[in-house]
1. What's the total number of residues in region 151-171 that are of a type in the set (Gly, Ala, Ser), open to solvent by less than 60 Å² (accessible area, probe 1.4 Å) and free of Cβ contacts under 8 Å to residues at least 12 places away in the same chain?
2. Being among the hydroxyl-bearing types (Ser, Thr, Tyr) and within 17 Å of the chain's Cα centre (by Cα) is the filter; apply it to region 91-121 and report the residue that is least open to solvent (accessible area, probe 1.4 Å).
3. Could you grab me the full set of residues in region 145-190 that are touching a Pro at 6+ places or on another chain (Cβ under 8 Å) and either in a helix (DSSP H, G or I) or under 16 Å from Trp34 (Cβ atoms) (or both)?
4. Being touching a Lys or Arg at 6+ places or on another chain (Cβ under 7 Å) and surrounded by 21 or more Cβ atoms within 10 Å (Cβ to Cβ) is the filter here; which residues of region 172-190 pass it?
5. Within region 92-101, can one find any residue that is polar (S, T, N, Q) and in a helix (DSSP H, G or I)?
6. Can you tell me which of Gly12, Gly21, Gly16 is at pLDDT 90 or above and open to solvent by less than 70 Å² (accessible area, probe 1.4 Å)?
7. Take the residues of region 122-140 that are under 17 Å from Val35 (Cβ atoms) and part of a helix (DSSP H, G or I): which is least open to solvent (accessible area, probe 1.4 Å)?
8. So which residues in region 24-73 are at pLDDT below 90, of a type in the set (Gly, Ala, Ser) and surrounded by 11 or more Cβ atoms within 10 Å (Cβ to Cβ), if there are any at all?
Amino acid sequence: MISMRRGEQTNGHREGDVLKGLAAGIIGGLVASWVMEEFQAGWTKVSETLSESREKGSSGHAGEQGETTQQEPATVKAAEAISEGVFGHELTPSEKEVAGPAVHYALGTAVGGLYGVVVEVEPGVKVGAGLPFGAVFWLVVDEAAVPLLGLSKGPTEYPLSTHVYALASHLVYGLTTDIVRRTLRRTILS
């Protein structure tokens, strides 16, 4: 029996095609970024409905919303930093509406591509159907890099519910990235 080590070639074909993995990961990351956004919108809607129900239940009517200070999303802050730092241009409110999602999709797509490459080089990474990948992405980006770059407050300044929401969102992202990546590698990019 002939065994083949990772990376060796047989009949001119390389085991684990990194470019195919990259393409599958990029597409997976793009789709997963959209699914993550939809998940977050659904989570927010359910949370608001539950909150309104609690307010009605405790006072007999929907409570008036107090003055809330909504902090800009980290993706918008990153877009502002890039625009001002690279182009010397301050984003208008309408540009921020486009730039924030653009950063979200660009990062999600790029990280999906990286995941696709890593899986080709080290197949053990795909264990867990992308859930460990999503958790690591959350930990490295949301919990560490974003606060360190000054794009958000530190992790201890947010309630546990915010961390649960972010982790759940990234688990959805990781799972979706892996499902799309696996499907593409088995079918179109095999």
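The values are calculated or read from the model by the stated rules, or taken from the named source; none is laboratory data. Owing to the predicted nature of the structure, the values given are computational and were not obtained by experimental measurement. Methodologically, a virtual Cβ is constructed for each residue, glycine included, from the backbone with ideal geometry; neighbour enumeration extends over all protein chains shown. Accessible surface is based on the protein model in full, side chains and every heavy atom, while ligands, DNA and RNA are left aside. Shrake-Rupley method; radii C 1.70, N 1.55, O 1.52, S 1.80 Å.
1. 1
2. Here the residue is Tyr115.
3. Pro147, Pro155, His163, Gly174
4. Asp178, Arg185
5. So in region 92-101, the residues polar (S, T, N, Q) come out as 92, 94.
Keeping just the survivors that are in a helix (DSSP H, G or I) gives 94.
Yes, region 92-101 has at least one match.
6. Answer to the selection: Gly21.
7. Looking at the filtered set, the residue picked out is Gly134.
8. Matches in region 24-73: Ser47, Ser51, Ser53, Ala62, Gly63.
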